[in-house]
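The values are calculated or read from the model by the stated rules, or taken from the named source; none is laboratory data. What you are looking at is a predicted structure, and each value in this text was computed from that prediction instead of being measured. Cβ placement follows ideal geometry from the backbone for every residue including glycine, while neighbour counts extend to all protein chains displayed. Surface areas here come from the heavy atoms of the whole protein model, side chains and all, with no ligands, DNA or RNA. Shrake-Rupley method; radii C 1.70, N 1.55, O 1.52, S 1.80 Å.
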Amino acid sequence: MLQTISLLLENKPGALMRATGVLVTRGYNMESLTVARTLDPGLSRMTIVVDVEPHQRAQVIKQINKLINVLQATDVTESPSVCRELVLLRVRAAQESRTAILKEAEIFQARVIDSSTEGFVLEATGDAEKLDEFIAVMRSYGDIE
Amino acid sequence: MSSNLMNGASMLLECLVREGVECMFGYPGGVTLPFYDALYDHPLRHVLVRHEENAAFAAQGYARTTGKVGVCCATSGPGATNLTTGLVDAMMDSIPIVALTGQVSSKLIGSDAFQEADTFGITRSCTKHNYMVKRIEDLPQIIHEAFYIAGTGRPGPVLVDIPKDVFQGNGHYAPVSTIHLPGYKVYTEGHSGQIRRAAQMIWDSERTMVYAGGGIIAANASAELRELVETINAPTVCTLMGLGALPSEHPNFISMPGMHGSYAANMGMTHTDLLIALGVRFDDRVTGKLAAFAPHAKVIHVDIDPAEVGKNRNPDLPIVGDVRRVLQKLNPILKETREQEAPKKAAGRQAWWDQVKAWKEQHPLQPSYSDSEIKPQHLVAEIDRIAGGRAVVTADVGQHQMWAAQLVRFNAPRLWVNSGGLGSMGFGLPAAIGAQFGQPDNLVISLVGDGGFQMSIPELATIAAYGLPVKIIVLNNGYLGMVRQWQELFYNNRLSSVTLDCFPDAEKLAGAYGFKGRTVEKPHELAKAIDDAVAEPGPYLLNVKVTPFENVYPMVPAGGAVNEMVMGPPQPVPVG
């Protein structure tokens, strides 16, 4: 089952490796990982989505909390939370599709970040489902990245 | 401020002295040259071992027998990688050591330089925490943090990797007065409400068992444990790591539980209605089949590490805290309420004690003897006689370790030194070196098998060089006994690669290092041989040839329930 772990940790060398190491050592596969500095430059916020057997969830949090560089690890899988994804998508398309692509982008409220003779780079935000649709639609126009 | 300008090597020594380090175990090399140069005319004692792995084991022997943080040191690359077994071993048994390793100069890191290894990366999972020092001004802070982390909370190994240019560079040494580790959480006090509930649970139960482990020894809580056990008059088992937590001769001490534990201990664990688990981790070697372990019991689990609580067994009452502080709060509550509460279940408790005593009498742990050959249990009983519950006994890993745990008395903590969790062969002899430095006036016996001894033979030179009066006793059955036991019982007696031929002549071997040794194989010669070894002022190597095919019993087959012990070898069944 997918578990979402939110971590506040010291921005120190090796801290990222330690936190992910707890999961790797136990053979859990990480689905996604984001890490960025917080307003306090000494601290980082890390969000891990990881596939963990349900009965091991509490143990994983305890083991991460034991790390010296970790201030707090919390299981937010079931907490009320705001989940938004951001997609940066490059679509390569022929001249005749350009107008259609822009119309579709408008429907998904995506912004054009870059335009070239080969196609566009688009930026879209939203929940996972909506963005999956967005990607599927764009794929129908040409190669995407 | 120019007076405190010094290089990194001297700064490191300043920090070690401030931490109260009196001796360290190590092996020099290329990048630690500046450190060893500073050590040359420094009073801190450096013990030169013959292999880095043994430096880590010796530091553990020192830590385990003193309660202080042990220190070991190795050079970069192979020196550091050789330390790793000792680090994992310390991690598994929660032993506080600080390992100092040299690293290639900062500008060479990542260039595959001579003797470069990613020590910081390799040791991440081998340590409680590790550091790489990037700047000389960070060195004092990091060293003091390392000692603080190693010795507090649940103890463990901490490694500090120091590049050569940090050793050589100059900086102003400013003593560190505070340590601030915002992410390091140590829970010591224990929840008062939970502690009060524990007292009530204890009075509400009839068939109480105290299950005491290495945490009692780490927390120096032996006196508090004894007070608890006497206040509630409960039978008590000590785990392999907890032997000596309650004196072996204490009337409430039952023995060790688990795979090679006694019948009484395992039956007690199976039938108890309240298990008071103190500084233990419900290890698989203790519980056997977890689902069948203590099936009728409510569990009170006291541990300083929150991750241990509920890891293997969900307790009915968890108390996260230093077991000593928790018992210091629990014992007065029990004493206050004893007069009122104890009589309520007195009859049930008496019946429980009668039952436990009956189990003890039914299948006592006792040595076996033979007129023609030395039984290994006979040897262990002789060691018990000479140790008298007061000597340090270090063991290696295998059959001899289990027999010693069953039969040797330890009437104080920090006398029994063995590799419990990791089971590292080659541990016993180097650990005895550290133990002899830790308890210089005590008798130190190193009981090793012929397998583990041959893994640590190089350290005979260390023992000789420092004139350490360690008594090395080899329980020599000519086999890797424990592996052979499993091949015999579970692999159709197909004895594959377990025969240890060509054991050296003990008298000649010890003689080559300049001390005495002998081999003994007749039962009637054993007692005197051991007396002679102990009477010798210096080191002694006693090679004892024992019955080759003796197995350790009782035995719980791996994955079995602990009440399904096998009490002895299969007996011939009469036909018809």
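A few points about this structure:
- Filter result (touching a strand residue (DSSP E or B) at 6+ places or on another chain (Cβ under 7 Å) and within 14 Å of another protein chain (Cβ to nearest Cβ)) within segment B:281-305: B:301, B:303, B:304
- The strands (runs of 3 or more DSSP E) found entirely in segment B:1-58 that carry 2 or more residues being open to solvent by 40 Å² or more (accessible area, probe 1.4 Å) and not polar (S, T, N, Q) are B:45-48.
- Checking each residue in segment B:277-290 for being in contact (Cβ under 8 Å) with a residue 24 or more places away in the chain, in a helix (DSSP H, G or I) and hydrophobic (A, V, I, L, M, F, W, C) picks out only B:286.
- Leading residue by the ranking (surrounded by the fewest Cβ atoms within 10 Å (Cβ to Cβ)) among those in segment A:81-107 that are within 18 Å of residue A:145 (Cα to Cα) and under 19 Å from the mean Cα position of the chain (by Cα): A:86
- Among the residues of segment B:291-304, those that are part of a loop (DSSP other than H, G, I, E, B) and surrounded by fewer than 19 Cβ atoms within 10 Å (Cβ to Cβ) comprise B:295, B:296.
- Only a single item in (1) assigned to a helix (DSSP H, G or I); (2) open to solvent by less than 30 Å² (accessible area, probe 1.4 Å) is not met by residue A:142, and it is number (1).
- Test: residue in segment A:25-36 that is modelled with pLDDT under 95 and facing another protein chain (nearest Cβ under 9 Å): yes
- Selection within segment B:162-184 - closer than 28 Å to residue A:40 by Cα and within 14 Å of another protein chain (Cβ to nearest Cβ): B:179, B:180, B:181, B:182, B:183, B:184
- Each residue in segment B:119-151 was checked for being within 11 Å of chain A (Cβ to nearest Cβ), open to solvent by 20 Å² or more (accessible area, probe 1.4 Å) and part of a loop (DSSP other than H, G, I, E, B), and 2 pass.
- Among residues of segment B:178-206, those that are in a loop (DSSP other than H, G, I, E, B) and without any contact (Cβ under 8 Å) to a residue 40 or more places away in the chain, counted: 8
- Output for segment B:401-414, where each listed residue is in contact with a Gly (Cβ under 7 Å, 6 or more places away or on another chain) and open to solvent by less than 10 Å² (accessible area, probe 1.4 Å): B:410
- Leading residue by the ranking (farthest from residue B:118 (Cα to Cα)) among those in segment A:1-22 that are more than 12 Å from every other protein chain (Cβ to nearest Cβ) and in contact with a helix residue (DSSP H, G or I) (Cβ under 9 Å, 6 or more places away or on another chain): A:1
- In the condition set (1) closer than 24 Å to residue B:184 by Cα; (2) of a type outside the set (S, T, N, Q); (3) more than 14 Å from chain A (Cβ to nearest Cβ); (4) buried (at least 20 other Cβ atoms within 10 Å of the Cβ), residue B:308 is compliant with all but (3).
- Any hit, segment B:190-199, residues being open to solvent by less than 40 Å² (accessible area, probe 1.4 Å) and within 13 Å of another protein chain (Cβ to nearest Cβ): no
- Scanning segment B:520-544 for residues that are in contact with a Phe, Trp or Tyr (Cβ under 9 Å, 6 or more places away or on another chain) and surrounded by fewer than 20 Cβ atoms within 10 Å (Cβ to Cβ) yields a count of 5.
Rundown of residues vs (1) modelled with pLDDT of 95 or more; (2) within 27 Å of the chain's Cα centre (by Cα); (3) surrounded by 17 or more Cβ atoms within 10 Å (Cβ to Cβ), yes/no style:
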site	(1), (2), (3)
B:320	yes, yes, yes
B:337	yes, no, no
B:350	yes, no, no
B:353	yes, no, no
B:357	yes, no, no
B:368	no, yes, no
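- Test: residue in segment B:319-336 that is within 14 Å of chain A (Cβ to nearest Cβ) and in a helix (DSSP H, G or I): no
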